[in-house]
Structures are given as C-alpha cells and as structure tokens.
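Values in this text are rule-based calculations from the coordinates and carry no lab data. Keep in mind that this is a model prediction, so the values were computed, not measured. Cβ: placed from backbone, ideal geometry, glycine included. Neighbour counts: every protein chain shown.
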Amino acid sequence: MPKPAMQPRPRPSSLVSQFAREVAAGLTKPGQKELPSKYLYDSVGSALFEVICELPEYGLTRSEERLLQLHAREIVDQLPRPVVVAELGSGTGRKTRLLLEALSRWQSTWYHPIEISPSALAVLRRELRDINSISIVGFEREYLDGLREVAVRRSPGEHLLVLFLGSNIGNFDGAAGSDFLRDLRLILQPGDLLLIGTDMLKPVQTLISAYDDPIGVTAAFNLNLLARINRELGADFNLQRFEHLAIFNEVTHSVEMRLRSRVRQKVAVSEASISVQFEKEETIWTESSHKYSQDELVSLAHHSGFRRQAQWMDQNWGFAENLWIAE
Ligand code: AVI
C-alpha cells in the first residue's frame, strides 16, 4: 500500500458557514429545537470530555480501558494477518495503545486514525509514536471518507481491522447508527473486522449520575456548545439563562442531554442570520447516548452485514467490546 506521510483534509468552501447552516436549521426547526452533538467538541469541549472520562460517576471509559488491558492479547489473537488498523475518532490513544502494543508483538502494523480534528491527530501521533513496529498515517477526514481512502490503499491480501471504540456509535440518533454501520460495512471486504465498543443498559440512576455529575463538568461540556456558538458565530446566548439537563428516554434507551431555557428569551446568532425565541423551560436537544442490550447487539450486527465473532464484557460497569466480522 502506498504510504503517504499525512493526509490533510480537502477544505470545504467554508467550515464556519456549514456550522452556521446547521445551527440555523436546528434552532429554527419546528417542534423540538436541536444542535448537532459533533459541535460539542471544539478545543474546550474536547478538554472537558477528557475530564468527564475521569469522573467517578462516568464509568464508561475506565470500563473499556479495563477490558482492553485484560483482553488485548486475546483480541489480537483473533485477527487474520497481515492486518491494517483504521480507527474512527481517535481519542487520546490510551486505549488504542493497548491494542497496538499487543499487535506489534507479531507484526509491523500500519495504523490510520481518522479524525476531523487536526489537533487531535497531532496529539495521537505524539502519544503513540514510541510503539515499536507501528507506522502512523492519519487521515483528517469524516469517518467514512477516511475509511474509503484506507480501504483503497491497502495491498492485496491485507485485512482491515476498524476500531470504533468508546460507544461512539451510541451518539448516532435512532436508525442513523445502523445506517452508518451498513455504510461502513460496504467499504469493507468479507473477512475484515470491526471492533466496536458499546455501553450497555444499566439502572437509570447510574446513567443520570454519569451524564449529570455533581461537580458540573458535563453541564459545562453541554453549555460550552452555546459558548462556542457565541465565540464562532457571534451569537448572544446568556449562559446563565440556560441549564443542563440529562434525561433517560425509556422508549429509545438513550440518555438525552438538553439545554433548558430558564426564562422566556430571544437569542440572535449573527453569522447564521437568525433570531430565535425560547419559551420558559423550552429545551434544545444536544446529544443522545444510546445504551445497548445483548439482543440489540446481535440484531445490529446482523442487519449491518456482520457476524459476531467474539465479545468481551465488563460486568463491573456494563460495557461490551464486540469483535464483528464482515460477511
Ligand atoms: C463520546 N460519547 C460516547 C460520550 C457519551 O457517553 O455518549 C459523550 C458524552 N456526553 C456526555 N458525557 C459524555
């Protein structure tokens, strides 16, 4: 496979205007107002998310790390060789390191993080560069665009392992999660693998504490989205007039983060050329975090064109690492 040093993203005409368009669409939508959760992660939001992962109430990240600490070797033993690794959304690389170190014991490996944020890619390259026999080439792309590039560049006989850790799949709303996995599967060849982390259903109070922590880090993470719109799109959200809310939706099995207006108010977003009326207690839906059951995982794999090869479960928190093979 030809190995470029770095694959920067082709710049769309204006990223700001895409942000402005999506904010305008979400805030002027009839009925429930919404903002896309991908915009939670500017540099402040990403830093706050790192803190969330350390909170005692948010067990998800530690749970997955425990699983990989315990089972990375077993996971690697299940893989065909030679294998190229692509990762959707890279995080800090702490969990990925566990897998790459196990892999590096039996082959030299190309590792391709796919990530929209150039700074996150740079951090990852720095964090993982000391692992023996691992060559890192990042792709500054949307997930599936990046994966397509990795897939076309592989050499004949090379298998692909896609990492999609951290239950990031749970942040796709409703059917979008399985649609995404089906699209992902279409990029792969039979026998390629997907290692996908999923947070499992658990008692509602545990979930609410995880998404509405007592020291307010998650609240800051959520409110930062409004602050970001102020900074980047010249809006005049008064953050004191909104509050963070985490609710469990019993129908969709998702924790929903919302921002609730404390008062009746009007907000202008100058770059989006809109002025939005909020009623007292009206909410903006900012993120859904789906929680899975075992049955659901079986049918999700099946409907997206995979077969479950293995699963490792952390019973302590309730998190599953699933290895699926493309059929
Ligand atoms: C990134 N994602 C899997 C996190 C989650 O748990 O859904 C984002 C998050 N939102 C609030 N806390 C954490």
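Rounded to a whole number of µm²/s, how large is the Stokes-Einstein D of region 133-246 at 4 °C and 1.567 mPa s, given Rh as the Kirkwood radius over C-alpha pairs?
It comes out at roughly 73 µm²/s.
With θ set to phi - 60° and the Karplus curve 6.51 cos²θ - 1.76 cosθ + 1.60, what are the ³J(HN,Hα) couplings of region 304-310 in order, to the nearest whole Hz, using x for Gly and Pro?
9, x, 10, 10, 6, 9, 7
In the chain, what percentage of the DSSP-assigned beta bridges are antiparallel, given to the nearest 5?
Around 65 percent of the beta bridges assigned by DSSP in the chain are antiparallel ones.
List nothing, just return the count: lysine pairs in the chain, 8 or more apart or interchain, with Cα separation under 14 Å.
Value for the chain: 4.
State, as an integer percentage, the relative contact order of the chain based on alpha-carbon contacts under 8 Å between residues 6 or more apart.
22
Give, in nm to one decimal, the length gained when the segment between Glu250 and Ala227 is fully stretched (0.36 nm per residue of separation minus the Cα-Cα distance).
5.3 nm
How high is the relative contact order of region 15-150? Use alpha-carbon pairs under 8 Å, at least six apart in sequence, and give a whole percent.
RCO, region 15-150: 18 percent.
Considering the zone a paramagnetic label at Ser299 would reach in this model (a point 7 Å from Cα along the Cα-to-Cβ line), which residues of region 230-249 have amide N under 20 Å from it?
From region 230-249, the list is 249.
Peptides 266-279, 50-63: what's the order by average Cβ count within 10 Å, highest mean first?
50-63, 266-279
Starting from the Cα gyration tensor of region 27-164, multiply each eigenvalue by 5, take the square root, and state the resulting semi-axes largest first in whole Å.
In descending order the semi-axes read 28, 20, 14 Å.
Once you've got the GNM for the chain with C-alpha springs shorter than 10 Å, pick whichever of Gly138, Gly91, Gly157 has the biggest mean-square fluctuation.
Maximum fluctuation in the GNM of the chain, among the listed residues, is at Gly157.
Have a look at Ala301, Ala176, Ala151 and tell me which one the Gaussian network model of the chain (Cα, springs below 10 Å) gives the largest fluctuation.
Ala176
R0 = 41 Å: FRET efficiency of Asn316 with Ser155, Cβ-based, nearest 0.05?
Plugging the Cβ-Cβ distance into 1/(1 + (r/R0)^6) gives 0.50.
Helix-only estimate, please: 222 nm mean residue ellipticity of the chain, summing -39500 (n - 2.57) across DSSP H runs of length 4 or more and dividing by its residues, to the nearest 500.
Taking each H run of at least 4 residues, the total per residue is -11500 deg cm²/dmol.
Please compute the Kirkwood hydrodynamic radius over region 39-103, one decimal place, Å, based on all pairs of different Cα atoms.
13.4
Taking the convex hull of the Cα atoms, report for the chain its projected area averaged over all directions, in nm².
Average projection, Cα convex hull of the chain: 16.3 nm².
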